[in-house]
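Below is one structure, written out as structure tokens, with a few remarks after it.
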Amino acid sequence: MNNTKNNKPSLRSFLCLWASQSISAMGTAMTDYALVVWIYGQNGTATSVSLLTLCSFMPTILFRFIAGAVADRWNKKRIMLAADLVAAIGTLCILLLHSCKALTIPLLYLITFALSLMNAFQVPAAYVATSLLIPKEQYARAGGLQAVSGAVQSILSPALGAVVLAWGGLSAVLYVDLFTFAVAFLTLLLLRIPQPERTVQEEKETLLHSCLTGLRYLTEHRYMLRLILFIAVVNLLAKLGPDGQLAAFVLSRTGNQQTALGAVQMCVSLGVIAGGLLMSVSKQAKDHGRAVVVMCCYIFLTGIGLAVSRGVVGWCLFAFAQYACAAIMNVHWNTVMRTRVPEHLLGRVYSTRDTIQNGTIPLGLFLGGWLVDRVFEPITAKGTILRQILQPVFGDGQGMGIALLFLLVSVIGLMLSAVCLAKRIDHADEDEAQKD
């Protein structure tokens, strides 16, 4: 099914790529942190920071569908090198503008949008490239390592960014980012990444036809489509609840204690590290699709515990458990993709998957904030009957409305996951198994 040119995949090559890309991602995350601090220091508004996030988020959503087709049609290594080079040029432009005291917020938005556009093409190319470098029996282990590196970045990048920013200002952070880019670029330049063979028909098809191939593949393989639609609903519920409103929940329940929020967020990252480490040392599971749904059951179960807990210790424990389960789930889900999708289609199917399952995230974030402010907090305000009824469950104080939303979302998610588990949506039909 998956024919590839060149030699058999080597885990050593993957480890070199993973290590160098992780170093580069750390530098980029430090720059992201420093730019947020710089923008906020210019005018002190949350809106300006939100617009920066929007500029870095929207191109990835809008162009990922096309990027998957490009990743399958073109040389993956060249796409990654080009994207890295453009990212370095963008960072260099920010550095020069800042050094000349010509950096403005609109210019930063424009550069960020351009960098995000290149990232939209780099991510599917990198996903396919790493898949080609990993021996099939090591898919879950490699996924665990990727989860660990992502969590480590989320923990260390703000701290390192703050230290370098205090020592040498924004310019110093940008220099560090350029250095980490050089490490990743040179490593990638020296690595040999195998290229999947393409049929004559695929060579002749148009880009539009190629873009739709991922969607056609999913409609022909309902097993994959069912899981993607399930994850899309899970993402919606998660952003409505704990994953989207965690900061507001902790701050409201503690009277705006940022140390409490920091502790919970630290446990979130530690949970991802624990889940990734567990997958990196455990044996490959036999049924990754079923593991995805089972882990979602645990995610929503820990969400219930998070909602009814009344202190920082409880929140830390349940946040740790929830995000450990989420990391394990993501590893299994990526392993499903890598083991079932032909290599020459992987970029398109991956991008189609991300477009569908992540398309519900903005809606969940918007509805979550709206429901908290307009519905759940007002109906649980002081003096209301519902507050008196719920006080034995959630305790007294602010944030009861968010806790109620967490509980409802988690119960709905747990019931949905249990039904899907019973209905075996994760089960491949016999005709699909024969196709694969």
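The values are calculated or read from the model by the stated rules, or taken from the named source; none is laboratory data. Worth saying up front: this structure is predicted, and the values here are computed from it rather than measured. Virtual Cβ from ideal backbone geometry, glycine too; neighbours counted across all protein chains shown.
Residue 161 versus (1) modelled with pLDDT under 80; (2) buried (at least 22 other Cβ atoms within 10 Å of the Cβ): which is the lone unmet condition?
Looking at each condition in turn, residue 161 falls short on (1).
Look through 129, 88, 67 and report the one residue that is closer than 25 Å to residue 15 by Cβ and at pLDDT below 85.
Result of the check over 129, 88, 67: 129.
What pairs can you find where one residue is in the range 331-353 and over 20 Å from residue 66 (Cβ atoms), the other is basic (Lys, Arg) and modelled with pLDDT under 90, and their Cβ atoms are less than 7 Å apart, with a gap of 6+ or different chains?
From the range 331-353, the pairs are 339/136.
Name the residues in the range 31-64 that are in contact with a Pro (Cβ under 8 Å, 6 or more places away or on another chain) and modelled with pLDDT of 80 or more, would you?
33
So which pairs qualify, if the first residue must be in the range 272-297 and over 20 Å from residue 238 (Cβ atoms) and surrounded by fewer than 20 Cβ atoms within 10 Å (Cβ to Cβ), the second must be of a type in the set (Gly, Ala, Ser) and modelled with pLDDT of 85 or more, the Cβ gap must be under 8 Å, and the two must be at least 6 apart or on different chains?
From residues that are over 20 Å from residue 238 (Cβ atoms) and surrounded by fewer than 20 Cβ atoms within 10 Å (Cβ to Cβ), the pairs are 278/324; 285/291.
Sort out which residues of the range 166-189 are among the aliphatic types (A, V, I, L, M) and either crowded, with 19+ Cβ neighbours inside 10 Å or at pLDDT 90 or above (or both), and write them in order of number.
Selection gives 170, 172, 173, 174, 176, 178, 182, 183, 184, 186, 188, 189.
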